[in-house]
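Comments concern the structure below.
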Amino acid sequence: MKAIMVMFDSLNRHMLPNYGCEWIKAPNFQRLGEKTVTFDNNYAGSLPCIPARRELHTGRYNFLHRSWGPMEPFDDSMPEILKKNGIYTHLVSDHQHYWEDGGCTYHTRYNSWEISRGQEGDAWKGQVKDPVILKTPFKMSETMTQMMVKKTGMNMFRQDVINRQYMDTEDKMPQAVTFEKGIDFINNNFEEDNWFLQIETFDPHEPFFASQRFRDMYKDDDYEEEEFDWPPYSHVNESDGVVLHGKKRYAALLSMCDFYLGKVIDIMDRHNMWEDTMLIVNTDHGYLLGEHGWWAKSIMPTYNEIAHTPFFVWDPRLGIKNARRKSLVQTIDIAPTLLEFFNMEIPRTMEGKPVKDVILSDEPIRETAMFGYHGGHINITDGKYIYMRGPVDRTNKPLYEYTLMPTHMRCMFDPSELQDINLSNSFDFSKGCKTMKIEAGQGFINPAQYGSKLFDLENDPLQKNEIEDFDVEVRLTNEIAKKMHLNDSPSEQYVRMGIPENEEYTKKMLIQQKKTIKESEIIQGLEGLTYEDGVYNQVMAFLNTTPENMRNSVVMGLKSTVEAMDKDVITKDLVKNFVSDLPIDQEQKDMALYFMDLSGRTS
């Protein structure tokens with residue numbers, strides 16, 4: 001038996017014809033639907049890119065224990081299990097995060113691997129002199145660029161301009177090279193038995209850099225504004241024309257993905273591989289293209305455009321194709337599905353389940369699906385509702401990272417982060433290993449600003465209107481608690497989320513928590529004042545960036561400013577002007593204003 005997995009990054013379910021999109025040109029995805037089972041209720045688990053890949057290997061949620069980072073020494077890796085049991089495993093990928101500190105132990109779990117360079121500012125081609133054209137085809141806060149350079153010593157936007165000079169024809173582009181390497185592996189090995197091939201492209205992740213023939217599919221003749229193929233991780237500030245142009249750039253890259261997916265389908269047809277070869281097509285998460293007023297992911301609530309993902313499986317043992325399944329499945333189910341296919345024992349630590357019975361008869365393998373980012377909301381769906389449970393404390397604490405591999409995305413932990421580490425007790429999946437317990441940083445945005453949210457998916461599939469239903473909220477909170485216990489969640493996650501660890505959550509608890517959260521929004525020194533929508537979050541964001549010994553004077557200064565203007569409502573303009581006039585370092589001021597702008601959003 002053989003298996004091929006084609007994995008895309010940031011592939012939007014809602015932009016595929018298989019799920020109802022009528023304007024995207026993706027005929028090979030339509031062919032795929034005819035040859036496989038299409039899953040209508042597949043959800044991500046741990047987000048974003050590398051946390052999702054840890055789930056792909058381990059078949060378990062990891063976002064309750066740590067954020068971005070490598071495979072841990074105690075992790076059970078699906079491709080490594082196959083490798084150790086005589087199934088040859090090969091990875092071809094252009095996903096540059098595998099070659100950074102934060103993803104450096106994934107590709108070596110396979111028997112062999114090949115890489116394609118150049119995606120998203122990959123530190124690839126060396127050039128000391130700035131490019132002749134330094135203006136880059138994206139919109140990104142200068143403050144965020146400066147923060148990234150200060151943190152990692154790298155400007156990936158400058159690097160992207162350099163890299164694109166070396167991708168002047170389609171055959172040199174990372175996705176094309178990746179699929180060529182994957183097709184080569186198939187051509188060289190299709191007559192052999194017992195292998196697993198993972199073809200993984202970073203596309204259609206931003207930047208939306210597609211060859212011209214795919215861009216020509218989505219004409220933009222009337223567009224006169226600047227190029228826009230790299231949206232910021234921020235709320236939408238652009239004109240409708242720019243938003244549409246950005247969507248068309250994504251569409252072009254998606255059509256390019258479709259073209260290369262077709263090459264895999266073609267070669268399976270050519271060699272009659274459908275008789276003995278499993279095919280899985282999946283992604284790690286989706287991407288917001290202006291929906292809910294947001295671009296991208298990570299900083300806003302995890303709406304369905306991000307979490308509800310496409311998933312397709314052909315199992316040659318079952319022979320079921322051109323069919324749909326509605327049962328809930330997740331990323332954590334992929335590892336056990338592949339292990340079961342190759343008749344391997346599934347480790348006890350894997351929470352996911354093989355999807356074989358779902359394919360056969362749409363038999364459910366779970367009642368709910370949980371998903372989220374480390375330190376963010378804990379989200380859960382039963383297919384009818386989605387509940388986004390936010391932290392009950394505005395500080396979003398307590399929160400720790402549990403790891404033996406202390407790295408962030410593009411850099412190791414700074415020594416200052418490791419001064420006060422402790423050793424935790426072992427977890428039920430860590431094979432007796434104690435891990436470092438490291439206090440987590442503030443994070444990119446504080447999820448407390450959004451509060452908890454409940455959506456009725458049956459009546460509001462686009463999640464446009466929050467509902468209030470205490471009974472549903474209590475029921476789904478208890479479902480979260482069950483999954484936290486199954487995942488051997490750290491105890492402080494229960495505290496952070498206001499969920500009792502060893503007793504049933506009740507409506508009385510919920511009502512009291514809502515009251516306490518409301519009362520906590522009173523900032524000492526600003527009692528009696530009210531806030532324009534979102535401004536409380538902006539004030540808190542600024543105070544969180546202010547040294548503790550200065551916070552009281554800042555609060556008093558803001559109060560004096562409000563009183564001098566004879567107002568009792570604090571507005572966005574008032575706070576912005578107040579911070580802009582403060583005699584503080586310009587870099588600190590720019591950073592504060594940037595995060596305040598993001599924090600002004602409550603949805």
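The values are calculated or read from the model by the stated rules, or taken from the named source; none is laboratory data. Because the structure is a prediction, the values reported are computed rather than measured. All Cβ positions, glycine included, derive from the backbone under ideal geometry; neighbour counts span all protein chains shown.
Going by the conditions given, is Ser426 without any contact (Cβ under 8 Å) to a residue 40 or more places away in the chain, polar (S, T, N, Q) and under 23 Å from Pro347 (Cβ atoms)? For Ser426, the condition - without any contact (Cβ under 8 Å) to a residue 40 or more places away in the chain, polar (S, T, N, Q) and under 23 Å from Pro347 (Cβ atoms) - is met. Of all residues in segment 572-588, which are over 21 Å from Leu526 (Cα atoms), modelled with pLDDT of 80 or more and assigned to a helix (DSSP H, G or I)? Matches in segment 572-588: Gln586 only. Filtered by the rule that a residue be free of Cβ contacts under 8 Å to residues at least 40 places away in the same chain and either within 16 Å of Ala52 (Cα to Cα) or not in a loop (DSSP other than H, G, I, E, B) (or both), segment 99-117 gives Trp99, His107, Thr108, Ser112, Trp113, Ile115.
Conditions tested, residue by residue: (1) under 22 Å from Gln96 (Cβ atoms); (2) touching a Leu at 6+ places or on another chain (Cβ under 8 Å); (3) touching a residue at least 40 places away in the same chain (Cβ under 8 Å); (4) not in a loop (DSSP other than H, G, I, E, B).
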{"position": "Pro51", "(1), (2), (3), (4)": "yes, no, yes, yes"}
{"position": "Leu56", "(1), (2), (3), (4)": "yes, no, yes, yes"}
{"position": "His65", "(1), (2), (3), (4)": "no, no, yes, no"}
{"position": "Met71", "(1), (2), (3), (4)": "yes, no, yes, no"}
{"position": "Asp76", "(1), (2), (3), (4)": "no, no, yes, no"}
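A quick yes/no check of all residues on (1) surrounded by fewer than 19 Cβ atoms within 10 Å (Cβ to Cβ); (2) part of a helix (DSSP H, G or I); (3) within 27 Å of the chain's Cα centre (by Cα):
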residue	(1), (2), (3)
Phe179	no, yes, yes
Gly182	no, yes, yes
Asn187	yes, yes, no
Glu191	yes, no, no
His205	no, no, yes
Pro231	no, no, yes
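Counting only residues that are in a strand (DSSP E or B) and over 25 Å from Val177 (Cα atoms), segment 243-300 holds 5 of them.
Taken over segment 516-565, the criterion of being farther than 28 Å from His235 by Cβ, of a type outside the set (Ser, Thr, Tyr) and assigned to a helix (DSSP H, G or I) is satisfied by Glu519, Glu548, Asn549, Met550, Asn552, Met556, Lys559, Glu563, Ala564.
Please go through segment 148-160 and pick out each residue that is in a helix (DSSP H, G or I) and either over 15 Å from Arg117 (Cβ atoms) or at pLDDT below 65 (or both). I'd like the intermediate steps shown before the answer.
First, pick out the residues of segment 148-160 that are in a helix (DSSP H, G or I): 148-152, 156-160.
Met148, Val149, Lys150, Lys151, Thr152, Phe157, Arg158 - these are the residues of segment 148-160 that are in a helix (DSSP H, G or I) and either over 15 Å from Arg117 (Cβ atoms) or at pLDDT below 65 (or both).
Please work out if Thr89 is modelled with pLDDT under 95, of a type outside the set (D, E, K, R) and not in a helix (DSSP H, G or I).
Details: modelled with pLDDT under 95: no; of a type outside the set (D, E, K, R): yes; not in a helix (DSSP H, G or I): yes.
It is false that Thr89 is modelled with pLDDT under 95, of a type outside the set (D, E, K, R) and not in a helix (DSSP H, G or I).
Pull up segment 297-326, narrow it to residues that are surrounded by fewer than 20 Cβ atoms within 10 Å (Cβ to Cβ) and among the small types (Gly, Ala, Ser), then point me to the one that is nearest to the chain's Cα centre (by Cα). Going through the qualifying residues, I end up with Ser298. Inspect segment 303-319 for any residue being farther than 25 Å from Met388 by Cβ, part of a loop (DSSP other than H, G, I, E, B) and among the basic types (Lys, Arg) and give the result as yes or no. Yes, there is a match, as at least one residue in segment 303-319 is farther than 25 Å from Met388 by Cβ, part of a loop (DSSP other than H, G, I, E, B) and among the basic types (Lys, Arg). Residue check: Lys518 meets all listed conditions (1) modelled with pLDDT of 85 or more; (2) exposed (fewer than 12 other Cβ atoms within 10 Å of the Cβ) but one, namely (1).
With respect to the conditions (1) in contact with a Phe, Trp or Tyr (Cβ under 7 Å, 6 or more places away or on another chain); (2) of a type in the set (Lys, Arg); (3) crowded, with 17+ Cβ neighbours inside 10 Å, Arg496 lacks only one, and its number is (1).
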